[in-house]
Amino acid sequence: MKPIGRLQTGAGDLRRRSNGRRLSGVGALLVVLGALPSWWTLGGGGTPAITGNAFDSIGVFAFFSALALLAILIAPDAVGEQLPIDAWPLHVGLVCAASAAFLLAASEAAIRATGSELSLAVVFAPLRAPGLWVTLFGLGTWIAGVAQIVDARDDR
């Protein structure tokens, strides 16, 4: 029996499937998932706990930057060809925007926490702020992936 056709895929394309792109994709996915749980928790004990996540602050830009990167990484499989905007400056810009949004959101939460009687170690504890730590780990992974993409560029 003769096969009907051959599935056309770009899975072997080194540019699109490099380790840096995979690492960036994993990091961006962790940033997206880290936006959902709480990033900080105030109160508890005798007072009701007040929590916030990426959607309560400028951290939402980290979420949308990560979604944009995931769309850029997935788009070549959807349209069948490499996108012209998929170059290292875009990757650097998206990770910088996400990192800046994360730092601003964390500093805003730290300023808000200084008005409470809790220490910052308690407000940002891993069990009270799991989203913050997942996002931080995701950003580190994403930055490492972008560093590999920049290192592998062909403009030398």
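The values are calculated or read from the model by the stated rules, or taken from the named source; none is laboratory data. The model shown is predicted, which means the values in this text are computed figures rather than measured ones. Please note: Cβ atoms are built from the backbone with ideal geometry, for glycine as well, and neighbour counts cover all protein chains shown.
Quick notes on this one:
Conditions (1) closer than 21 Å to Gly145 by Cβ; (2) basic (Lys, Arg); (3) more than 19 Å from the chain's Cα centre (by Cα); (4) surrounded by 16 or more Cβ atoms within 10 Å (Cβ to Cβ), marked per residue:
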position: Ala87; (1), (2), (3), (4): yes, no, no, no
position: Gly93; (1), (2), (3), (4): yes, no, no, no
position: Ala98; (1), (2), (3), (4): yes, no, no, yes
position: Ser107; (1), (2), (3), (4): no, no, no, no
position: Arg128; (1), (2), (3), (4): no, yes, yes, yes
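- Condition met for Ala28 (of a type outside the set (Lys, Arg), modelled with pLDDT of 90 or more and outside any loop (DSSP other than H, G, I, E, B)): yes
- The residues of the stretch 103-124 that are of a type outside the set (A, V, I, L, M), assigned to a helix (DSSP H, G or I) and in contact (Cβ under 8 Å) with a residue 60 or more places away in the chain amount to a single one, Arg112.
- Any chance Ser65 is hydroxyl-bearing (Ser, Thr, Tyr), within 21 Å of the chain's Cα centre (by Cα), in a helix (DSSP H, G or I) and surrounded by fewer than 17 Cβ atoms within 10 Å (Cβ to Cβ): no
- So Arg156, is it modelled with pLDDT under 90, in a helix (DSSP H, G or I) and of a type in the set (Lys, Arg): no
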